[in-house]
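To start, I am sharing the structure in question, which I have written as structure tokens.
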């Protein structure tokens, strides 16, 4: 950031009075420009014993498989964002959404939120950001071709939880997650 969105003045980075972090502050009007984490919301769409995955048509990780998810927009709830992203990326309609996994990624200032969801029907197709979309049984998951550790961990939890039919909400930080996923599927 170079210029203030309030007055167009030049920005500097310093710690404002009463704060403890470097912030962009306008030299002219003194407006503090906070930068906060971005929320990525998505779904784990389920049909019977299968989950719906999308092969990414965009960077990062083009060609790799992911759950339908994307950045939350202003003026929408996390639930609305997850449903919208599922419709955009997989042309899939979902229902019965339940909060399932919540991952903190402080090194890239993001929070990932996935909802378990039931597909309404089998009328799905690749959206603009997907090369293909398909259902996978647990033994068919392309573990080495998953785009992000958050996706792998969500799938891992889901298949383990499905055995007991108990789906607790999980909250994990990526650093612990990265080590666990690498040991399980990416080495």
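Please treat every number below as a calculation from the coordinates, not as lab data. If you're wondering where the values come from, they're calculated on a predicted model, not measured in any experiment. Neighbour counts are summed over all protein chains in view; Cβ atoms, including those assigned to glycine, are modelled from backbone coordinates with ideal geometry.
What relative contact order, as a whole-number percentage, does the stretch 1-114 give when Cα pairs under 8 Å and 6 or more residues apart are counted?
21 percent
I've got another one for you. Please determine, in degrees from 0 to 90 and to the nearest 10, the orientation of helix 78-90 with respect to the longest principal axis defined by the Cα atoms of the chain, where the helix direction is its Cα long axis.
With both axes taken from Cα atoms, the answer is about 60 degrees.
Would you mind checking the tilt of helix 149-164 against the longest principal axis of the Cα atoms of the chain, expressed as 0 to 90 degrees and rounded to 10?
Taking Cα atoms only, the helix is inclined about 40 degrees.
Moving to a separate point now. Would you compute, from DSSP H runs of 4+ residues alone, the mean residue ellipticity of the chain at 222 nm, taking -39500 (n - 2.57) per run and dividing by the full residue count, rounded to the nearest 500?
Rounded to the nearest 500, the figure is -7000 deg cm²/dmol.
Take peptides 107-115, 159-167, 65-73 and line them up by average Cβ neighbours within 10 Å, highest first, as a rough protection proxy.
Top to bottom by mean Cβ count within 10 Å: 65-73, 107-115, 159-167.
Let me make sure I get this right: for the stretch 38-184, a, b and c are the square roots of the gyration tensor eigenvalues over alpha carbons, sorted descending. Under 1.5 in a/c it's rounded, otherwise prolate if a/b > b/c, else oblate. Which is it?
Rounded.
Arranged by the count of other C-beta atoms within 10 angstrom, fewest first, what order do 155, 102, 44 take?
102, 155, 44
Only bridges with both residues in the stretch 38-184 count here: give the DSSP antiparallel percent, nearest 5.
Here the share of antiparallel DSSP bridges comes out near 60 percent.
Additional query: Compute the helix-to-body angle for 174-184: its Cα long axis versus the longest principal axis of the chain, expressed 0 to 90° and rounded to tens.
Orientation of helix 174-184: about 30 degrees from the principal axis.
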